[in-house]
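The values are calculated or read from the model by the stated rules, or taken from the named source; none is laboratory data. Everything quoted here is computed from the prediction, not taken from an experiment. When we count neighbours, we look across all protein chains shown, and the Cβ atoms used for this are built from the backbone with ideal geometry, even at glycine. Quick note on the areas: whole protein, heavy atoms, side chains included, nothing else; ligands and nucleic acids left out. Shrake-Rupley method; radii C 1.70, N 1.55, O 1.52, S 1.80 Å.
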Amino acid sequence: REYLTVERNASAHTVVAYGHDLDRFYGWLVGLIESPEIDLAAVDRRTIRTYMGTLVEQGLTKRSISRNMTSLRMFFKFAVRRNLVTIDPTANLRSLKIEKRLPSFVEEDAIEAMLCLPDVSTLDGARDAAVLELFYSTGIRLSELVSLDRRDLPANTGTIRVLGKRRKERILPVGGPAMKAVRRYLDLRDAQRPTGDSQAVFLNNRGTRLSGRSVYTIVHRYLRAVSEQASCSPHVLRHSFATHLLNRGADLEAVRELLGHESLSTTQIYAHVSMDHLKREYAKAHPRA
């Protein structure tokens, strides 16, 4: 866990998930050899393959099995580096092919309707409006939004600074309406509730930094009011941000940089969503579609 957190800069969620996967593997090994004493050097490729087959028999999805495989790869890479084993049994093992799920998003008119819902004359409403506007204007992740400090909003630049995965920094442009909403909230907060965390951008009613769970609840409430789709999470706003940019002709590489993706292949899934949109528009508008 220390290796993942300190050396790999993994998120807390990733550390917990990998820990759960490794605990599952350890439990399986203990049952296999009927002893809590595990000799890592005795774990070979056949052992890993057998374990993967066991996960299939247990009914885990391909996505879950692939994540378990990733956890084992990371662990044995660590074990080799620490000289706990000399051979990595996961090396050259093929990963399962997983069909990428198309991201959920809402149409532009639904986004516009949602952004009009908060009562910006109240402090909570002004905060909610700023949260929604910033998500849609920048496409940032939930973890990036809740960790924003006031110093990350340099005055009169139209940009914000965010720390993404692996603590990689990026500077993002912010639309005028979003920046106006954030400034309106901060001014109202300073006037009505001057005490509390002076660094954090978004605070709860106790004056402490707004949690990810609270932000999820806020976004879910407003999205649910304008959309009937199953998922109404903050990530839907990130998906909508990317999809709407591509629908309006944005360059895929530019969208990749805005989202903070390391690989263009991760961003390409939005191109499929954009193409589906174009096909629907074509079918509605072309006389011989």
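Numbers below:
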item: From the options 262, 253, residue that is at pLDDT below 90, on the phi < 0 side of the Ramachandran plot and assigned to a helix (DSSP H, G or I); result: 253
item: Test: residue in the stretch 85-106 that is open to solvent by 60 Å² or more (accessible area, probe 1.4 Å), outside any loop (DSSP other than H, G, I, E, B) and acidic (Asp, Glu); result: no
item: Hits in the stretch 193-218 - residues which are among the hydrophobic types (A, V, I, L, M, F, W, C) and farther than 14 Å from residue 124 by Cβ; result: 200, 201
item: Near pairs, Cβ below 7 angstrom, 6+ apart or cross-chain, from the stretch 209-235 (closer than 16 Å to residue 135 by Cα and free of Cβ contacts under 8 Å to residues at least 60 places away in the same chain) to any residue that is among the charged types (D, E, K, R) and part of a helix (DSSP H, G or I); result: 232/224
item: Counted residues, the stretch 31-58 - those being open to solvent by less than 60 Å² (accessible area, probe 1.4 Å) and over 21 Å from residue 87 (Cα atoms); result: 5
item: Pair list, Cβ under 7 Å, 6 or more apart: the stretch 30-45 residue at pLDDT 85 or above and of a type in the set (A, V, I, L, M, F, W, C), other residue open to solvent by less than 90 Å² (accessible area, probe 1.4 Å) and in a loop (DSSP other than H, G, I, E, B); result: 30/36; 40/85; 41/85; 43/89
